[in-house]
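Read through the structure below, which is laid out as structure tokens, and then see the notes.
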Amino acid sequence: MSENHRPAAPPHERQAFAGTGEIISFTTVREAPEGYEDQVPYVLALVRLDEGQMVTAQITDLDGPPAIGDRVEMVTRKLTTEGPRGMIVYGYKFRRPVT
Amino acid sequence: MRDVAIIGIGQTPVGEHWQLGLRDLAADAARSALQDAGIDSVESLIVANAFGATISSQSHLAPLVADFAGLRGVETFAVEAAEASGGAALRAGVMAVASGAVDTTLVLGVEKASDMIGSARVRARTVSLDADDEAVQGATLPALAALLMRRYMVEYGVELAAFEGFSINAHANGAKNANAMYRNLIKQGAFGKAPMIADPVSLFDGAPDADGAAAVILTTAERAGDLVPQPVRIIGGGASSDTLALAERDDLLWLRAVERSTEQALQRAVISREQINLIELTDTFTILAALSLEASGFAARGEGWRLAQDGSIGLASRLPISTFGGLKSRGNPVGATGIYQAVEAVLQLRGAGGANQVSNAQIAMIQSVGGLGSTAFTHILST
């Protein structure tokens, strides 16, 4: 196998996470896809989990602008509804820890 | 392997063609390219398109394009690699001719973004993102670019205004290109005040999706010399891939696919970076332009923006980029964009660039990048 085709990262594996981490980048989405317009403006972020893995996720329950370095924890939320009679898609979002 | 050259080019104006369909735009570009090459048939047709199925409700596009381009019966297939579809199709065409499978092929890119508007188009466009890990979160390509850009600004201590040079340059060049979508100039200072799409990515940062078609005809370098006065040789090519999801990258601010494809292309062309007279890169966002220049080895890590700020990328500068306006001003007919780059590089190398001509252009690099670096195709063209 040539140098160019050596796998650059380990294969994808299932891992368990504590669900906590910190914001390493964020943006406020103002032009949203169909199915997400009613959430505009919403904050999308890159979160570095404490185990090292990065995830792309919305930051929810914000009472002020987010900042890089903010600690966040995972919560389960509705992500989108696929039309009035469509499926409701649930998934993870992150919020600042509730103390 | 046989050497390959471009003997014909064609392009439609880039913009919103409400009165024309995918097939009309494609037929127009194909006819122009055949006429330019002085031939009336080819052995195969490769079609580059990104969003025919989702935006234009049309897949199985290749035979449709062949039919309307007057090439019914020809071997044909379509290639999809999001924004890099054009570069991927060009590579497939080069391989077809270099291998001896065919002697002449038409490589055509076409997109019809205006078949949808508003949030429906935004939704249709997210199919090129990682559906399970990013798009489901409400991510869009501009939003992911914004995540990269903010991280870049924080890690390297760079202000928003540092990126404006890319957009100013693109529009200065596009203003002189009759085929460009937005021919307005961007004044210094306006970039930082533009409305945000996903901060810090603004309207003056992200390239506009557009309609358009472009085509090139490839044949062997040996035959090319007998057919046209100014064939343009494809002297090197390289291709690579990276994760689709941004969050899966171990080095967020380094475009590995761009790096590898550039290295391969330079090696195969047996040239150094100093010999390159102009670059058509994928400036879908200013951050992608900066990161591409870094990964391609034209700027140090964290300093790609400096080339735009210190005037190194203008038509009369050391390293002209986006010489006909790039994606930002010429417009981004997504699947066709990589072929527009090839057409524009050929115009430069023929000395037919008109008001956009780079003086004494001998070698051009074109780089077609899908998404935010998930695929990259780099080609080196020479007189």
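Neighbour counting of Cβ atoms within 10 Å sorts the residues A:V47, B:V4, A:V75, fewest neighbours leading, into A:V75, B:V4, A:V47. For B:G15, the amide hydrogen comes within under 5 Å of the amide hydrogens of B:D211, counting only partners 5 or more places away or on other chains and with H modelled in the peptide plane. Considering only DSSP states other than H, G, I, E and B, which GluC sites (Glu not before Pro) in the stretch B:88-171 qualify as loop sites with at most 12 other Cβ atoms within 10 Å? Answer in residue order: B:E159.
Look at the stretch B:139-145: the mean tally of other chain Cβ atoms within 10 Å of its residues' Cβ atoms is 6. Here the gap between B:A53 and B:S41, fully extended at 0.36 nm per residue and compared with their Cα-Cα distance, gives a gain of 1.6 nm. Between the stretch B:149-223 and the stretch A:12-53, the alpha-carbon centres lie 27 Å apart. Near the amide H of B:S202, within less than 5 Å, lie the amide hydrogens of B:I197, all on another chain or at least 5 residues away, with H placed in the peptide plane.
A crude spin-label estimate for the pair B:Y156 and B:K193, with each label 7 Å from Cα along the Cβ direction, gives 2.7 nm.
Working from label points 7 Å from Cα in the Cα-to-Cβ sense, the A:Q53 to B:R273 distance is 3.6 nm.
Couplings 3J(HN,Hα) of the stretch B:7-14, computed from phi: 10, x, 9, x, 8, 9, x, 9 Hz, in residue order, whole Hz [Karplus 6.51 cos²θ - 1.76 cosθ + 1.60, θ = phi - 60°; x for Gly and Pro]. Amide H contacts under 5 Å for A:Y42: A:V29, restricted to partners 5 or more places along the chain or on a different chain, H placed in the peptide plane at 1.01 Å from N.
Counting only alpha carbon atoms, the long axis of helix B:22-37 and the longest principal axis of chain B meet at about 60°.
Show me the trypsin sites (Lys or Arg not before Pro) within the stretch A:15-99 that DSSP assigns to loop and that have at most 12 other Cβ atoms within 10 Å of their Cβ. Here the trypsin sites (Lys or Arg not before Pro) that fit, given the DSSP loop and packing criteria, are A:R85.
Sequence-distant contacts, meaning Cα pairs under 8 Å at least 6 residues apart, place the relative contact order of the stretch A:23-64 at 35 percent. Mean separation of Cα pairs under 8 Å and 6 or more residues apart, divided by the residue count, gives chain B a relative contact order of 26 percent.
Of the trypsin sites (Lys or Arg not before Pro) in the stretch B:6-101, which ones lie in a loop per DSSP and count no more than 13 other C-beta atoms within 10 Å? Write out the running numbers ahead of the final one.
Values: sites: B:R23, B:R31, B:R72, B:R91; in loops: B:R72.
Filter output for the stretch B:6-101: B:R72.
Evaluate the relative contact order of the stretch A:17-95 (contact order divided by residue number), counting alpha-carbon pairs under 8 angstrom at least 6 apart; express in whole percent. Don't skip to the end; give the middle numbers.
Values: 155 pairs, mean separation 24.3, N = 79.
RCO, the stretch A:17-95: 31 percent.
Along the axis of the charge dipole computed for the stretch A:17-95 (Cβ charges of +1 for Lys and Arg, -1 for Asp and Glu, origin at the Cα centre), the listed residues A:P65, A:I88, A:M54 are led at the positive end by A:I88.
Computed 3J(HN,Hα) for the stretch B:273-279, one whole-Hz value per residue from the Karplus formula 6.51 cos²θ - 1.76 cosθ + 1.60 where θ = phi - 60°, is 4, 5, 7, 7, 8, 6, 10, glycine and proline marked x. Helix B:164-174 and the longest principal axis of the C-alpha atoms of chain B enclose an angle of approximately 30°.
The phi-based Karplus calculation (6.51 cos²θ - 1.76 cosθ + 1.60; θ = phi - 60°) puts the 3J(HN,Hα) values of the stretch B:116-121 at 9, 10, x, 5, 5, 5 Hz, whole numbers, x for Gly and Pro.
The numbers here are math on the coordinates, done by the rules we state, and not lab data. None of the values given here were measured: they were computed from a predicted structure. Neighbour counts are summed over all protein chains in view; Cβ atoms, including those assigned to glycine, are modelled from backbone coordinates with ideal geometry.
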